[in-house]
Structures are given as structure tokens and as C-alpha cells.
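The values are calculated or read from the model by the stated rules, or taken from the named source; none is laboratory data. Everything quoted here is computed from the prediction, not taken from an experiment. Because the Cβ atoms are built from the backbone with ideal geometry, glycine has one as well, and the counts that use them run over all protein chains shown.
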């Protein structure tokens, strides 16, 4: 297998994974309760306790999601490390004069 094609294929996979991770992080930020909960106050339909409960649920769910995001990121780093070690372990060959 051609080393350049292998490197290109792996890089494309890493780019797609990176874009997915960024998309999930952007989504987590976009669904914060402050973005959709009505303001609390005298005439509010929600009490401060209900707002606090929504925030607690959001933080729990977001932290669960973020903890899952670490695994693909770690796997990407492990893959890159293994690939670079594989390249470094191959004996150097002089360039062909074809």
C-alpha cells in the first residue's frame, strides 16, 4: 500500500472525526438553558427552582457527552502516534531514479 495514500486516508478520517467533535461541542453550547428558558422574575412562568433544575440536568447531560468525546479524541491521537511510529520504524530507502 502506498504510504501517501494511507496517510491521506487516515488524515481524512481524522478531519471528519474532528469536525464531528467540534459539531457536538457547538451543539452543547447552543442548547444551554439560557438560550431557551424564559427569564425568571415576578411575572415568569418558571420558578427559580425549576430553572436551577433545568440547569442541573443540562450540566449532567453535557458532562456525560463531553466525557464520551474524550474517547474518539484519544483514539485519534493513538492512531497518529502508531502511524508515525510505523513510519519511523521502516528502513530508509534511497529515492528511486526512475
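Here are the numbers for the structure shown:
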| quantity | calculated |
| --- | --- |
| In the range 13-53, the residues that are loosely packed, with under 10 Cβ neighbours inside 10 Å, part of a helix (DSSP H, G or I) and at pLDDT below 85 | 35, 36 |
| Among (1) under 30 Å from residue 77 (Cβ atoms); (2) touching a residue at least 12 places away in the same chain (Cβ under 8 Å) - the single one residue 23 does not satisfy | (2) |
